[in-house]
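The values are calculated or read from the model by the stated rules, or taken from the named source; none is laboratory data. In this text, all values refer to a predicted model and were calculated from it rather than measured experimentally. Cβ placement follows ideal geometry from the backbone for every residue including glycine, while neighbour counts extend to all protein chains displayed. Side chains included, ligands, DNA and RNA excluded: accessible areas come from the protein's heavy atoms. Shrake-Rupley method; radii C 1.70, N 1.55, O 1.52, S 1.80 Å.
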Amino acid sequence: MKRDRKVIANAVAAALALPGIWQVAVAQEDAATPVMSEVVVTAARIEGGAPLDSSQLGAASIAPYRASTSDSARLLDALPGVSSYGAGGVSSLPVIRGLADDRIRIQVDGMDLISSCANHMNAPLSYIDPTNVDNIKLFAGVTPVSAGGDSIAGTIQVNSAPAEFAKAGEDTLHKGQAGAFYRSNGNARGANLSATIANEMLSLNYSGSTTQADNYQAGGKFKPSGLSAGTSEWLSGDEVGSSLYKSENQLLGLALRYAEHLFELKYGYQHIPYQGFPNQRMDMTDNTSNQVNARYLGQYDWGSLEARAYYQDTRHTMNFLEDKLETSGPMQNLAGMPMDTRGKTTGAQLKAEIVSSERDLFRVGAEYQRYRLDDWWDPISPVVAMPMAGMKGSTFWNINDGQRDRFDVYGEWEARWDRQWLSQLGLRSSTVRMDTGDVQGYNPLFYGNPENPASIPGAFNASDRQKTDHNIDLAALLRFTPAAEETYEAGYARKTRSPNLYERYAWSSNNPMAMNMVNWFGDGNGYVGDIDLDPEVAHTLSATASWHDAAREQWNFSLTPYYTYVQDYVDAVRCSGGSGMSPCQGSNLTRTDNFVYLQFANQTARLYGADASARVPVLRSGALGNVSMTGVLSYVRGRNSQTDDNLYHIMPMNAKLALVQQSGAWTNTIEGVFVAAKTLVSQVRNEVATSGYGLLNLRSSYEWKQLRVDLGVDNLFDRFYDSPLGGAYLGQRPMLYGTTVPGMGRSIYAGMNLSF
């Protein structure tokens, strides 16, 4: 413990000693010099209204990381205050300052996508491959109402490359790019291809990618070697079971430009034939998604107008992959435990920016989203051993005709009073309507008669399930720029999020298997919903101080403390009572050494912390070329103020330090990652503590004309560590309490991209 504190203390001191910042708004992409391989983010231009603790990563900043990960959510890990819940190899769940997943508004090419899975396996960012990500915008803390909505943590906007057209008077534009990568750990490999043909008015683009990997290895043994119990799969002591995956993505775009008007139409297709989840009891056995996204953008004398309409149809299935599929025991010769979902999302957005005067800018808009979800589990073979008899009979309906419709309107006023003062004030009104149909279990013997109001499914069916929430968001921001080298900002935000369909309508509390299937937290516990949940309301105070050189290109330093109070925070309590096979009986209320069964409940929570980030040049134009240092530090503390328990999955204090050398076409980086021990854990969930650790990463890139080559080593010394947000290890049988999912051991990678 003392050693962990000493390591992180040294890292913190070094990070704060750097007199610069790479955090605040726009990634530096200087065409006159080669691209640096670390993320470099500097403050927003003075005349802009984006909060100082918002960030943007451009294509050049993202490029060095594309060969090292197939998970787009991991691209955000370099930013202060952002981390990721462990999940599948392409499906991590982002966290902003201790608030994760549905508490964040996540947009992919402007579409508000929703995870259609009780385990959130098809997370929104899994629908775009890192090789197709052109830029990322992050709004944390006091998020403007024009960028927020139905979220309390912030907003993440991930976009593919914009349409390209031939220049006036030039011939037809033909261009493309092809790339491939390989990573040693897990035998991960993939390829991507994009091509564009365009004239001055019309542009047609195609991009496609494929990636796959086997199970990865940790930096050391964390369990005995042997067969996964009841299966035919042998796993070594350092092999993380159920971490393999394969993903295929394709995107076809058509754009028409006329004068100051742009029309775009995109069709996206994703197929994930399999993806293992080492912290879930189930795995993904198929995910097929079709997306249609239409957009209009027009520039007028008074400002700009943008309209968008989109549709996504997702078909998702879960079952056991080989590391969990029993070939002996009660489920021998069965088809596992098939589970199916289908989600349909329809959305429309209309927004305008109105330049009223040199001082005043107004943003107004309206949004509509219609979401439908079915979640059903087909019965297994009628001839089964007694332990599995509860799974025969009829189809189990977990969510039947789930409905979640949202309609928002907002207005925002941004005023530049003079060269020193800028203010922003916004108001958003949101109406969320939710409902669902009748449910049933596999059979009345184990789950209750759905026609009997005295049974669990019968009581659910007899209840009033239609809920309408009227939510109000408010954001106020004030910025002071006394000199070209310093900027100060403070703001307040009131943000609201209505519960998701599973939080309100997951109904089965009388069977442990059914409860275990509702869990997107990776903690191994079982969950049941509560129809009467109220929306979460978060009150956030945040301030940022930024010091930098006048051009904002050489050195910079930023510090952002924040405080958030969440009213009606959707946490969890131990369920109790029940009858028959209900897991809510007996020792569930007091158990501390095993998985437990929980019900979603409104409580109150407080989160506070600070983010600091810095950048400073060390050498410029010397024999070694340009050398710079960057540092990032993040700390967040989350507590349930009603129960005095720690909030679940809060990232401990962490820091990243990097030394970057740039000479000619070469860019080389040495990066240290330092994470403190996680000792403040959620008691209600029996969360397992983790030790602190430090990792060393190396990466190098070479650019020559149209060719880019990336080489690197993550976790150079093959250090074993438990990922603080990795969750409970459920990657093989038996699925036992007490082991966390370890981080990846040493991985050597190489990637190449050729433009033509």
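Taking the range 535-650 on its own, what percent of its Cα-Cα pair distances exceed 21 Å?
Of all Cα-Cα distances in the range 535-650, 60 percent exceed 21 Å.
After finding the eigenvalues of the alpha carbon gyration tensor for the range 479-575, what semi-axes result from the square roots of 5 times each, listed largest first in whole Å?
44, 16, 9
Under the Karplus relation 6.51 cos²θ - 1.76 cosθ + 1.60, θ = phi - 60°, what is the ordered set of whole-Hz ³J(HN,Hα) values for the range 696-711, x standing for Gly and Pro?
3J(HN,Hα) across the range 696-711, in whole Hz: 10, 10, 10, 8, 8, 9, 9, 10, 9, 6, 8, 10, 10, 10, 10, 10.
Rounded to the nearest Å, what's the spacing between the alpha carbon centres of the range 589-632 and the range 422-496? Just the number, please.
When both Cα centres are located, 26 Å separates them.
Nearest-5 percent of antiparallel DSSP beta bridges in the chain?
In the chain, DSSP labels about 95 percent of beta bridges as antiparallel.
With Rg and the Kirkwood Rh both taken from Cα atoms, where does Rg over Rh land for the range 383-455?
Checking Rg against Rh, the ratio lands at 1.47.
Using only the alpha carbon atoms of the range 641-696, find the Kirkwood hydrodynamic radius as the inverse mean reciprocal pair distance, in angstroms to one decimal.
Computed over the range 641-696, the radius equals 13.8 Å.
Taking the highest mean first, how do the peptides 151-157, 172-178 order by number of other beta carbon atoms within 10 angstrom per residue?
Highest-to-lowest ranking by the protection proxy: 151-157, 172-178.
Counting only protein heavy atoms and using a 1.4 Å probe, what share of the accessible area of the range 649-756 belongs to carbon plus sulfur, as a whole percent?
Of all accessible area on the range 649-756, carbon and sulfur atoms account for 64 percent.
Quote the relative contact order of the chain in percent (integer), defining contacts as alpha-carbon pairs under 8 Å separated by 6+ residues.
Dividing the mean separation by the residue count of the chain yields 14 percent.
Just to check, using Stokes-Einstein with a Kirkwood Rh over alpha carbon pairs, what's the diffusion coefficient of the range 297-371 at 10 °C and 1.306 mPa s in µm²/s?
Rounded to a whole number, D works out at 94 µm²/s.
Leu445 to Lys344: FRET efficiency via 1/(1 + (r/R0)^6), r the Cβ-Cβ distance, R0 45 Å, to the nearest 0.05?
0.85
Specify the inter-centroid distance of the range 234-254 and the range 76-143, based on alpha-carbon positions, in whole Å.
18 Å
Just how many % of Cα pairs in the range 379-510 lie over 20 Å apart, if you round to the nearest whole percent?
64 percent
Could you list the residues of the range 287-321 with an amide nitrogen less than 20 Å from a label point located 7 Å from the Cα of His261 in the Cα-to-C-beta direction?
It comes to 293-310, nothing else.
Apply 1/(1 + (r/R0)^6) to the Cβ-Cβ distance of Lys392 and Ala178, taking R0 = 41 Å, and write down the FRET efficiency to the nearest 0.05.
According to the calculation, E is roughly 0.20.
From the phi of every residue in the range 442-454, what ³J(HN,Hα) in whole Hz does the Karplus formula 6.51 cos²θ - 1.76 cosθ + 1.60 yield, where θ is phi - 60° and glycine or proline is x?
4, 7, x, 4, 9, 10, x, 7, x, 8, 9, x, 7
Taking the Cα of Thr327, stepping 7 Å toward and past its beta carbon, and measuring to each backbone N in the range 220-245: which are under 20 Å?
Answer for the range 220-245: 225-237, 239-245.
Are there cysteines in the chain with no second cysteine's Cβ under 4.7 Å away, and if so, which?
Taking the Cβ cut-off of 4.7 Å, the unpaired cysteines of the chain are Cys117.
With θ set to phi - 60°, apply the Karplus curve 6.51 cos²θ - 1.76 cosθ + 1.60 along the range 409-423 and write out the HN-Hα couplings as whole Hz, x wherever there is a Gly or Pro.
Result, rounded to whole Hz: 9, 8, x, 9, 10, 10, 10, 9, 6, 6, 5, 9, 10, 9, 10.
Set the Förster distance to 35 Å, then compute FRET efficiency between Asp401 and Met201 from the Cβ-Cβ distance, nearest 0.05.
Working from the Cβ atoms, E equals 0.20.
Here are some pairs, Lys221/Lys324; Lys266/Lys351; Lys221/Lys656; Lys351/Lys656; Lys167/Lys705; Lys223/Lys678; which of them have Cα atoms lying more than 31 Å apart in this structure?
From Lys221/Lys324; Lys266/Lys351; Lys221/Lys656; Lys351/Lys656; Lys167/Lys705; Lys223/Lys678, over 31 Å: Lys351/Lys656.
Considering just Cα atoms, how many Å³ per residue does the convex hull of the chain enclose?
Roughly 146 Å³ of hull volume per residue.
Starting from the Cα-Cα distance between Ile354 and Asp464, subtract it from 0.36 nm times their residue separation and give me the gain in nm to one decimal.
Extra length from Ile354 to Asp464 when fully extended: 35.3 nm.
Name the residues whose placed amide hydrogens come within less than 5 Å of the amide hydrogen of Asn556, ignoring near sequence neighbours (fewer than 5 apart) on the same chain.
For Asn556, whose amide H was placed from the backbone, the distant partners under 5 Å are Gly20, Ile21, Arg615.
Suppose every K and R has +1 on its Cβ and every D and E has -1 on its Cβ; what is the size of the dipole of the chain about the Cα centre, in Debye to the nearest 20?
1240 debye
What 222 nm value per residue comes from the helices of the chain, counting each DSSP H run with n ≥ 4 as -39,500 (n - 2.57) and dividing by all residues, nearest 500 deg cm²/dmol?
-1500 deg cm²/dmol
If you roll a 1.4 Å probe over the range 218-264 with all protein chains in place, what percent of the accessible area is carbon or sulfur?
After summing per-atom areas, the C and S share lands at 59 percent.
Shape verdict for the range 107-185, please, from the Cα gyration tensor: rounded (a/c under 1.5), prolate (a/b greater than b/c) or oblate.
oblate
Compute the relative contact order of the range 646-697 as a whole-number percentage, counting only Cα pairs closer than 8 Å that sit 6 or more residues apart in sequence.
Normalised by residue count, the contact order of the range 646-697 is 37 percent.
How far is helix 2-17 tilted, in degrees, relative to the longest principal axis of the Cα atoms in the chain, given as a value from 0 to 90 rounded to the nearest 10?
30 degrees
Counting heavy atoms of the protein chains only and a 1.4 Å probe, report the per residue accessible area for the chain as a whole number of Å².
On a per-residue basis, 38 Å².
Tell me, how many Å apart are the Cα centres for the range 497-537 and for the range 689-756?
Using only Cα atoms, the two centres lie 31 Å from each other.
Using only the alpha carbons, work out the radius of gyration and Dmax of the range 607-715 in angstrom.
Rg then Dmax for the range 607-715, in Å: 19.2, 60.
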